[in-house]
1. Say we look at segment B:8-26 and pick out the residues that are facing chain A (nearest Cβ under 9 Å) and part of a loop (DSSP other than H, G, I, E, B); which of these is modelled with the highest pLDDT?
2. From the list A:Ser83, A:Ser17, A:Ser56, A:Ser66, exactly one residue is open to solvent by 80 Å² or more (accessible area, probe 1.4 Å) and not in a helix (DSSP H, G or I). Which is it?
3. Within segment B:93-102, is even one residue open to solvent by 50 Å² or more (accessible area, probe 1.4 Å), more than 7 Å from chain A (Cβ to nearest Cβ), within 16 Å of A:Gly279 (Cβ to Cβ) and touching a residue at least 40 places away in the same chain (Cβ under 8 Å)?
4. Is there a residue being in contact with a helix residue (DSSP H, G or I) (Cβ under 7 Å, 6 or more places away or on another chain), open to solvent by less than 10 Å² (accessible area, probe 1.4 Å) and either assigned to a strand (DSSP E or B) or within 14 Å of A:Ile202 (Cβ to Cβ) (or both) anywhere in segment A:168-185?
5. Under the condition of being open to solvent by less than 70 Å² (accessible area, probe 1.4 Å) and not charged (D, E, K, R), which residue from segment A:1-14 is nearest to the chain's Cα centre (by Cα)?
6. Out of all the residues in segment B:56-92, which are more than 7 Å from chain A (Cβ to nearest Cβ), closer than 29 Å to B:Gly121 by Cβ, more than 15 Å from the chain's Cα centre (by Cα) and open to solvent by 60 Å² or more (accessible area, probe 1.4 Å)?
7. Pick from A:Glu106, A:Glu135, A:Glu121: which is at negative phi, among the acidic types (Asp, Glu) and buried (at least 18 other Cβ atoms within 10 Å of the Cβ)?
8. Every residue in segment B:115-130 that is more than 12 Å from chain A (Cβ to nearest Cβ) and either part of a strand (DSSP E or B) or touching a Ser or Thr at 6+ places or on another chain (Cβ under 8 Å) (or both), please.
Amino acid sequence: MSYKRFDNEDVVVSAESVTAPCWSNNVVNLQVFELNSTQTAATSGKYYYNVYNTGSEVANTAIQFSIAHGNKLGLGAPLYDTSVTGKSYSSTVYGQFRTLIFGDEETNFTFTSGNTTRTPENVLFISVERARYKEKIFPGSLYLKITGSTGAPLHLVDNSLTSSTDTFVDSGRVYSIYSGSGPGGVTDSTVEYGKLFPDVGIIALDGDILSSSDVVAINGTASNWSTTVANNQFFKAIDTGSSFKLRSEETVSSNYVFIRARNAEFNYSNNPSNITGSGELRHSVMIDNPQSYLTAVGLYNDNNDLLAVAKLSTPLIKDFTKEALLRVKLDY
Amino acid sequence: MGYLNNGVVTVDAILTKKGRELLARGDGSFKITQFALSDDEIDYTLYNPSHPSGSQYYGQAIENMPLLEAFPDETKSLKYKLATLPRGTSKLPLLEAGYASIVLKQGASLAITPQTLNYLGATSTFESGGYTATIADVRVLSSFTGVGINTEEAETLNSTQTIGTNVSKTVIGTSINLRATTVNTLFGTRTKLQTTIQIIGRDSGARVTIPITINKVNN
């Protein structure tokens, strides 16, 4: 017999959480930020800017994340129709993220300063490219340095490692973003600068407070914002800060299949080089002491369909004095 | 004092084309229930029972050889399966189809009823699980079916139509019926078409590959 059925305990499904740097080529700290002038000049540039790891003329350049400016009153951006107030690119962005994150049209983005809750008009969003964060952002891995033209740089980190409880909104977990020294290291939780939504790969920053502290250098009050200026200045602040650390997290489901070849099993081979034309073993010493060399494992269904194949790196000798235990890992 | 090595060998598996197809089908047919082992790539003529250093060195030329990665084509992997047979066995299962080669005229029919030799203590036997037959180029046959095995998989394979392309087709049965094509255009300027049929014992793993020639008779 060539096929052996598995026992129930031989097939095990395992789910492992795998974390890795978010950015392309497993870069831990993204320090170079580039825009694509074609994209920023296109219609999509009125909504968001794509940020790349290298210039667009460089091979293997890839989008790392996108930035967008939202205004809940639709200010700071051209109206779609001059006869309809409040409906502009910035209101679309705000509404889009609000619906995505909170699941309703009533909840606004709010941030706290001590016991005070702020509801800023302007919110700056970072949407990490899906291929970068894979399944979700790994909480506690955020470090973003943003620097304005005159204000002191801000070192932004999330509080997932120090928070005593996890808070959930419609899109999943939410953590506060404070000033800190490195990933997970909150040093000052007086002012909440933003929120991290790790399950959807989004960071929302309070545009009003960043503007007022001149970190994102936009002159004037909120009503003077323009979407183009906001995205440009937000990008400039990130680019000048020159440090963005983030890790991805994904769950990899694996099938572990244990192959147990007992001492009396699988000691003969149908390999044509092992037998003569009449089926006799080529080497007479193998009649009482047969040896086979295991090189591949095939996993089959009940219909003998070969579903998966695993190869060994070197042949594994098998005879009546040896048993083999192999663990085959099959990822989906 | 040394530590005993109680580790297991871990190897990564890849899905075959068939595995991906069944996984995508999502009908429960992708369910791993059994395994087989093979010694593909091993050349037993390298085994040297005359090695001057003794039996520990008989397999020296085989044991450290590097192996190629797995192929996703299920027909190219697990070709030579390892078998469980009683100690002292001197003959291994062989598949006998009754033909060393097959030559058919256009439109001619043939039934192949394979037998397995040296299997389960019998000189010759028909395997209860039947035989898998794969024609390498389905175009050369106008019909290709297996009979005698009534599992769902066998019936599905037998009813599958593959038309117009140079691909393989697999059927299952205890007897394999084939009929040569009557299509002249396949021949072009040639007077014969050639391909192979591979038959595998579904229980024993024994296999045989038979060349097939179709001779043109129509003008």
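The values are calculated or read from the model by the stated rules, or taken from the named source; none is laboratory data. Note that the structure is a prediction, hence the values are computed from the model and not measured. Reconstructed Cβ throughout: ideal geometry from the backbone, glycine too, with neighbour counts over all protein chains shown. When the accessible area is computed, the model is the full protein with side chains, heavy atoms only, and any ligands, DNA or RNA have been set aside. Shrake-Rupley method; radii C 1.70, N 1.55, O 1.52, S 1.80 Å.
1. Selected residue: B:Thr16.
2. On the way: A:Ser17 fails: open to solvent by 80 Å² or more (accessible area, probe 1.4 Å); A:Ser56 fails: open to solvent by 80 Å² or more (accessible area, probe 1.4 Å); A:Ser66 fails: open to solvent by 80 Å² or more (accessible area, probe 1.4 Å).
Unique residue meeting the criteria: A:Ser83.
3. The answer is yes, given that some residue of segment B:93-102 is open to solvent by 50 Å² or more (accessible area, probe 1.4 Å), more than 7 Å from chain A (Cβ to nearest Cβ), within 16 Å of A:Gly279 (Cβ to Cβ) and touching a residue at least 40 places away in the same chain (Cβ under 8 Å).
4. Of the residues in segment A:168-185, the ones in contact with a helix residue (DSSP H, G or I) (Cβ under 7 Å, 6 or more places away or on another chain) are A:169-171.
Checking the rest, the ones that are also open to solvent by less than 10 Å² (accessible area, probe 1.4 Å) come to none.
There is no residue in segment A:168-185 that is in contact with a helix residue (DSSP H, G or I) (Cβ under 7 Å, 6 or more places away or on another chain), open to solvent by less than 10 Å² (accessible area, probe 1.4 Å) and either assigned to a strand (DSSP E or B) or within 14 Å of A:Ile202 (Cβ to Cβ) (or both).
5. Looking at residues that are open to solvent by less than 70 Å² (accessible area, probe 1.4 Å) and not charged (D, E, K, R), I get A:Ser14.
6. B:Pro86
7. Values: A:Glu106 fails: buried (at least 18 other Cβ atoms within 10 Å of the Cβ); A:Glu135 fails: buried (at least 18 other Cβ atoms within 10 Å of the Cβ).
Selected residue: A:Glu121, the only one of A:Glu106, A:Glu135, A:Glu121 that is at negative phi, among the acidic types (Asp, Glu) and buried (at least 18 other Cβ atoms within 10 Å of the Cβ).
8. Just the residues of segment B:115-130 that are more than 12 Å from chain A (Cβ to nearest Cβ), to begin with: B:115, B:121-122, B:125-126.
If the condition is that a residue be more than 12 Å from chain A (Cβ to nearest Cβ) and either part of a strand (DSSP E or B) or touching a Ser or Thr at 6+ places or on another chain (Cβ under 8 Å) (or both), then B:Gln115, B:Ala122, B:Thr125, B:Phe126 are the ones that fit.
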